[in-house]
1. When only residues in the range 160-190 that are charged (D, E, K, R) and more than 26 Å from the chain's Cα centre (by Cα) count, which is farthest from Ala311 (Cα to Cα)?
2. Give the residue, chosen from Pro533, Pro565, that is in a loop (DSSP other than H, G, I, E, B), without any contact (Cβ under 8 Å) to a residue 12 or more places away in the chain and of a type outside the set (Lys, Arg).
3. Could you figure out which of (1) surrounded by 22 or more Cβ atoms within 10 Å (Cβ to Cβ); (2) outside any helix (DSSP H, G or I); (3) free of Cβ contacts under 8 Å to residues at least 60 places away in the same chain isn't true of Arg144?
4. Can you tell which of Glu417, Glu381, Glu449 is farther than 29 Å from Lys570 by Cα, out of contact with any Ser or Thr (no Cβ under 7 Å at 6 or more places or on another chain) and of a type outside the set (S, T, N, Q)?
5. Filter the range 223-273 for residues that are in contact (Cβ under 8 Å) with a residue 40 or more places away in the chain and acidic (Asp, Glu); which is surrounded by the most Cβ atoms within 10 Å (Cβ to Cβ)?
6. Would you call Leu537 open to solvent by less than 30 Å² (accessible area, probe 1.4 Å) and within 19 Å of Ala397 (Cβ to Cβ)?
7. Anything in the range 364-418 that is within 22 Å of Tyr480 (Cβ to Cβ), touching a Pro at 6+ places or on another chain (Cβ under 9 Å) and at pLDDT 95 or above? List them, or say none.
8. Checking the conditions here, which among Gly176, Gly170 is in contact (Cβ under 8 Å) with a residue 60 or more places away in the chain, in contact with a Pro (Cβ under 9 Å, 6 or more places away or on another chain) and farther than 28 Å from Lys407 by Cα?
Amino acid sequence: MNRRHFAIFALAALLSLAGACTTTTTPTNQTAATTPTPATAPGLPAELRPALDSVNADDMMRHIKTLASDEFEGRGPGTPGEELTVKYLTEQMQRIGLKPGNPDGTYVQKVPLMGFTASPHAVFKAGDKEIQLKFPDDYVAVSRRFEPAVGVENSDIVFVGYGVSAPEYGWDDYKGVDVRGKTVVMLINDPAVPDPSDPSKLDDKLFKGKAMTYYGRWTYKYEIASQKGAAAAIIVHEEGPAGYPYEVVKGSWSRENFDVQKPDKNAGRVGVESWITLDRAKELFTAGGQDFDALKRAAVTKEFKPVALNAKATFHVKNTLRSVESRNVVGLLEGSDPALKGEYVVFTAHWDHLGRDDKAQGDQIFNGAIDNASGTAQVLEIAEAFTKLPTRPKRSALFLFVTAEEKGLLGAKHYAENPLYPHNKTLANINVDGVNQWGRTSDVVIVGEGNSTLDDLTYEVIQMQGRTVKPDPETEKGFYYRSDHFEFAKVGVPALYIDTGTDFIGKSPEFSKQKREEYTSKDYHKPTDEVKPDWDLAGAVEDAHLLLVIGHRVLQADRFPEWKPGTEFKAKRDEMMKGSLPGGPQ
């Protein structure tokens with residue numbers, strides 16, 4: 001991706017910025033550091049001062065502590081935790097004066113889900129060896145078909161490389177092989193194609209080099225396996241390419257999962273979707289007469305063709321099914337201009353997390369303090385800040401708290417497919433999934449930078465704050481395809497998603513990498529994602545200011561944001577906007 005950089009402001013500017021600061025207050029029973037928080041950075045618009053001043057670290061912490069409390073039981077969809085969460089969010093939006101966001105006069109959009117808890121059994125027969133797999137330590141497997149039982153019997157196993165079919169790159173891992181009724185095994189992430197001029201790097205002309213594309217996401221791999229008619233699809237888990245340890249997969253997939261209910265009961269989905277550990281995959285390949293490492297090397301070339309193993313797979317999946325009517329929660333700040341109030345900017349954050357695991361030893365509650373009580377709290381603060389403006393923006397702002405993000409972006413997907421307000425009247429989506437809990441940064445990261453003109457607005461506002469834009473340090477993890485904004489992007493709505501910066505003020509250069517790695521290894525999708533004593537939300541407040549100003553500028557602008565040429569979402573938007581009234585893209 002092309003990255004746009006700005007010079008860091010001089011030390012004097014930073015000192016003057018700090019001089020206009022307030023300090024965070026230590027949360028109850030916490031001993032958090034007190035770092036100066038810029039209530040109104042000098043460069044931000046003076047007319048927004050009442051809104052900026054209202055964003056408060058203590059209020060943000062109060063929301064987080066409530067939503068991430070044990071009482072809310074991890075905010076699992078279809079649980080008492082959902083009832084408490086929906087009630088809390090509705091009450092908060094009523095308190096700050098937002099109107100019901102659903103045109104039916106309510107604060108909720110119903111999201112029909114099917115809950116399914118899989119009890120799988122799997123065995124491989126490879127050569128003269130039978131490989132029994134232990135669930136969930138060796139593998140996980142589910143069936144998204146809404147049937148009580150799904151079976152795959154003695155299915156031929158075929159290795160299909162990275163499982164990618166990408167005509168624009170001249171790439172087809174399924175070439176020449178009919179996989180209908182077979183079990184496909186594939187690698188996670190994009191094909192790691194070396195740069196011909198420097199094999200130590202990845203070729204940025206294929207699959208954006210180091211940066212993950214949608215072809216690298218596990219969701220895509222099961223989708224293409226379904227299109228090809230496979231009976232079962234297995235992804236080999238490798239921590240580096242996946243971006244998270246196997247324990248994350250194990251913790252999520254071995255419990256109840258969800259999908260949006262559809263009339264065909266997902267009959268078109270591949271029968272069994274599975275992950276397998278690297279060690280057991282290598283054992284399978286060896287017993288099936290193949291060398292895993294050699295095939296992995298071969299899979300990074302366009303010439304790769306599927307390779308049949310001398311092996312067969314059998315899966316038996318029993319499903320415990322239940323219908324769940326989950327809810328997105330939505331509030332509306334109506335625009336002040338009668339001619340433009342029918343156009344919208346949608347702020348999103350997912351309210352759900354992983355709920356409670358009654359079978360776990362010790363702590364059973366996945367509190368999800370950062371993921372995503374924190375993002376929900378930040379969007380609540382932004383919503384309240386907008387209500388403090390003496391004059392409302394010309395257009396309307398929608399504050400949408402979606403369900404079941406952790407189950408596959410399902411709440412956002414349902415909204416995208418069943419919008420409460422037309423997509424061709426929706427200027428942009430601004431999404432928050434986790435906030436900066438480690439203090440102020442001199443920079444910010446735009447995830448998926450270079451996609452839309454929303455980035456240009458971000459550059460301008462960042463400069464006003466005296467900060468810079470830095471490249472995403474983890475493009476290989478494909479974060480642009482892993483949160484709710486992606487569902488808006490897929491239907492053509494320009495979407496912005498920022499992440500915590502990498503240069504923490506007063507900290508060593510290694511601090512950011514250390515904290516990211518600590519969070520991924522110790523807290524991500526674990527019961528330990530709780531409010532910590534050393535949290536400092538000064539950076540979260542500053543980022544809230546950033547998103548508030550960006551959102552306000554879009555709401556007031558003379559034209560809609562646009563996707564940039566070459567972006568995969570542009571054609572959808574262009575088609576959508578044909579014949580639109582003035583005010584749209586020009």
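1. Quick first cut of the range 160-190, residues charged (D, E, K, R) only: 168, 172-173, 175, 178, 180, 182, 190.
From what's left, more than 26 Å from the chain's Cα centre (by Cα): 172-173, 175, 178, 180, 182.
Numbers: Asp172: 23, Asp173: 20, Lys175: 20, Asp178: 17, Arg180: 16, Lys182: 11 Å.
This residue is Asp172.
2. Details: Pro533 fails: without any contact (Cβ under 8 Å) to a residue 12 or more places away in the chain.
Of the residues listed, the single one that is in a loop (DSSP other than H, G, I, E, B), without any contact (Cβ under 8 Å) to a residue 12 or more places away in the chain and of a type outside the set (Lys, Arg) is Pro565.
3. Only one criterion is unmet by Arg144, namely (3).
4. On the way: Glu417 fails: farther than 29 Å from Lys570 by Cα; Glu449 fails: farther than 29 Å from Lys570 by Cα.
Answer to the selection: Glu381.
5. Glu273
6. On the way: open to solvent by less than 30 Å² (accessible area, probe 1.4 Å): yes; within 19 Å of Ala397 (Cβ to Cβ): no.
Here the answer is no, as Leu537 does not meet what is asked.
7. Within the range 364-418, Thr403, Ala404, Leu410, Gly411, His414 meet the criteria.
8. On the way: Gly170 fails: in contact with a Pro (Cβ under 9 Å, 6 or more places away or on another chain).
Answer to the check: Gly176.
The values are calculated or read from the model by the stated rules, or taken from the named source; none is laboratory data. Just so we're clear, the structure is a prediction, and the values are computed from it rather than from any experiment. Positions of Cβ are backbone-derived with ideal geometry, glycine not excepted, and every protein chain shown enters the neighbour counts. To get the accessible areas, we keep the full protein, side chains included, count just its heavy atoms, and leave off ligands, DNA and RNA. Shrake-Rupley method; radii C 1.70, N 1.55, O 1.52, S 1.80 Å.
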